[in-house]
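Taking it in order: structure first as structure tokens, then the write-up.
The values are calculated or read from the model by the stated rules, or taken from the named source; none is laboratory data. Everything numeric here is computed off the predicted structure, so don't read it as measured data. Neighbour counts are summed over all protein chains in view; Cβ atoms, including those assigned to glycine, are modelled from backbone coordinates with ideal geometry.
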């Protein structure tokens, strides 16, 4: 698939659409009329490769800002959008030297991309946030809830193992942390608990390693955790807050609008053609419901009659008729 440049162009186009409001990211536009299976034509960009540090320095570009933007871009594409550049080596990450966008992050070559489902994104975001808060018990619980480890795994044992690996690396600048070493130790630990490495996360882990190397080149003092923590916490609020609920309800509304009117017909069809055991059970439930409805109906009528009687007695008493009866 990587050698079909139309697929690469489609992936690039999707990421352009997803990042339209992110001003610190620039991705070249595609000329579709000049693009085919063997040719990919995009707009020209004035930029230097992020590995060409000498040329970037000549432009007085702030390496710290570039490093932060690269990290934020990874988080936005992977966690927010679930569709990320999975080949973020220095040759594919350019730094703009154009006067109007000097120092801006430019991404090229979308032949390899990764996709995360909503479930993947939720668990990853919760895991990252728990890591940054040093809530290792929650990390262990999430691994069990997601099915990444067997359900019989003891939370306290997994919590202790994760703490042993991760705790020594906090409060250090990026230059003192090797994500490769952390991942290796986590994998070694995971074998004890029979963790299933998710295929969709392999590209994500590879991309993190690329960012680590590039971050060290641009800004040896870049604090990975402090850069990512505010973004992830805000993202979690957006995912669990009322706006998320309303957005999800809006997306589901067309399907619900079609389904609700059809429910009586679907139920009738199921009762006629469904399994005999289920049909009999549902029939019994419906009969019980009808008996309950008749009982409630009788009680309601009785209550209404009682109230009407009280009102009538009051009227008769007021006009002196009650005494004549």
Which residue is farthest from residue 155 (Cα to Cα), if the candidates are limited to the range 170-194 and must be modelled with pLDDT of 75 or more and assigned to a loop (DSSP other than H, G, I, E, B)? 194
Test each condition in (1) surrounded by 20 or more Cβ atoms within 10 Å (Cβ to Cβ); (2) assigned to a loop (DSSP other than H, G, I, E, B); (3) free of Cβ contacts under 8 Å to residues at least 24 places away in the same chain for residue 151 and report the one that comes out false. (1)
Take the residues in the range 112-129 that are at pLDDT 80 or above and crowded, with 17+ Cβ neighbours inside 10 Å, then tell me which one is nearest to residue 196 (Cα to Cα). 116
Give the number of residues within the range 50-61 that are within 31 Å of the chain's Cα centre (by Cα) and surrounded by fewer than 18 Cβ atoms within 10 Å (Cβ to Cβ). 0
Against the condition farther than 19 Å from residue 167 by Cα, assigned to a helix (DSSP H, G or I), touching a strand residue (DSSP E or B) at 6+ places or on another chain (Cβ under 8 Å) and at pLDDT 75 or above, how does residue 214 come out, does it pass? yes
Kindly indicate the residue of the range 74-93 that is buried (at least 23 other Cβ atoms within 10 Å of the Cβ) and touching a strand residue (DSSP E or B) at 6+ places or on another chain (Cβ under 8 Å) and also farthest from residue 109 (Cα to Cα) among those meeting that condition. 78
Condition first: surrounded by 19 or more Cβ atoms within 10 Å (Cβ to Cβ) and closer than 24 Å to residue 221 by Cα. Can you find one or more residues in the range 131-146 that meet it? yes
